[in-house]
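These notes are about the structure you will find just below.
The values are calculated or read from the model by the stated rules, or taken from the named source; none is laboratory data. Keep in mind that this is a model prediction, so the values were computed, not measured. As a convention, Cβ positions derive from the backbone with ideal geometry for all residues, glycine included, and neighbour counts pool all protein chains shown.
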Amino acid sequence: MAQGVPTTLSIGLHLHDRPIHEVRHLARTAEAAGCSHVFFPELSATTPGPATGRDPLVASAVALESTSTLRVGTAIIATIFHAPRHLALAAATLAEQSGNRFVLGVGVAHREFAERLGVSFPTSVLQHANGACLELRGYAAGGAAFGSGFPVWLAALGPGMVRTALESADGAILNWVTPAEAARVSRAASGLARPWTLAAMVRVGRRADLEVDADRYRSMFANYAAHFERQGLSSAAGVVDATCLPIEEDERLEPLVKAYEAAGVDVLVLNPSHMDRSGLETLLGKVAELEAS
């Protein structure tokens, strides 16, 4: 792994569009269960119909204020919808508030979302991502008048975006990846002479829901279809078997954690799908049991 990066995997949680009172409760529950991170996505562009998607920066502020050791961040917030200066100042504020526990996870998002909102999409997503990461890291390194910095992690799907994350970010956030694919990225990071963090998201939910999610990603997004194909995953069931944790098979949690740890992942982010508060609490109970074992 990159210099200074811990080799022991920790577990994080991804919380989708939860009311603020639940954010407060679930962040505390996650911290008590032994989770190292909680992340919030930007969802405002992903759903047709009435506007929805609670603000991930506001949710991060609440989670940070409600905990004392938990690292909290966005995963992800889209750089095509926000000026880097504004994102950096928000991140610096949250880092200052929390004693440097905030992580700024960014990504370019999808052309389909940009078109839905009437926002221009970059001609070169790699140049855009590279420029955004370098500018954000410049603010983190002293370009902001307050705070003492924050890490910038880049959502990386294809090989080009992985290279951009290695060159221009402080870490990468992988999604729908097998341990073998995560290991490939970890090996590429091993020659870096600076701290660099590898996070991988693993979806958790009922198998039927996970297969619907996989089919939706395959049909909606050409880049995800190519991402699955590169990994030899030709069916929704195959995607779920190789990259997800069906809750009906929760005995797989421990071997799954070990597999991603062996692959060199630093933070395994459990990403619940179609799970209510009770389901999230049950999942965190499983994490607590694993951390205590």
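The condition of being surrounded by fewer than 20 Cβ atoms within 10 Å (Cβ to Cβ) and under 22 Å from CYS35 (Cβ atoms) does not hold for PRO151.
Scanning the stretch 193-204 for residues that are in a strand (DSSP E or B) and out of contact with any Leu (no Cβ under 8 Å at 6 or more places or on another chain) returns a single hit, THR197. Contact map, the stretch 20-37: residues that are within 17 Å of LEU268 (Cα to Cα) paired with residues that are at pLDDT 95 or above and among the basic types (Lys, Arg), Cβ distance under 7 Å, separation 6+ or inter-chain. Pairs shown: SER36/ARG71; HIS37/ARG71.
Among the numbered conditions (1) more than 30 Å from LEU126 (Cα to Cα); (2) of a type outside the set (Phe, Trp, Tyr); (3) touching a residue at least 60 places away in the same chain (Cβ under 8 Å), the only one that GLU289 does not meet is (3). Quick check on ARG206: is it surrounded by fewer than 17 Cβ atoms within 10 Å (Cβ to Cβ) and in contact with a strand residue (DSSP E or B) (Cβ under 8 Å, 6 or more places away or on another chain)? Yes; evaluated as a whole, the condition is true for this residue.
Picking from residues in the stretch 244-253 that are free of Cβ contacts under 8 Å to residues at least 40 places away in the same chain and not acidic (Asp, Glu), the one that is surrounded by the fewest Cβ atoms within 10 Å (Cβ to Cβ) is ARG252. How many residues are at pLDDT 95 or above, under 23 Å from GLU167 (Cβ atoms), among the small types (Gly, Ala, Ser) and not in a strand (DSSP E or B) when one looks only at the stretch 96-133? Counting residues in the stretch 96-133 that are at pLDDT 95 or above, under 23 Å from GLU167 (Cβ atoms), among the small types (Gly, Ala, Ser) and not in a strand (DSSP E or B) gives 4.
Residue selection: ASP241 satisfies the criterion of being under 21 Å from VAL269 (Cβ atoms), among the acidic types (Asp, Glu) and surrounded by fewer than 20 Cβ atoms within 10 Å (Cβ to Cβ).
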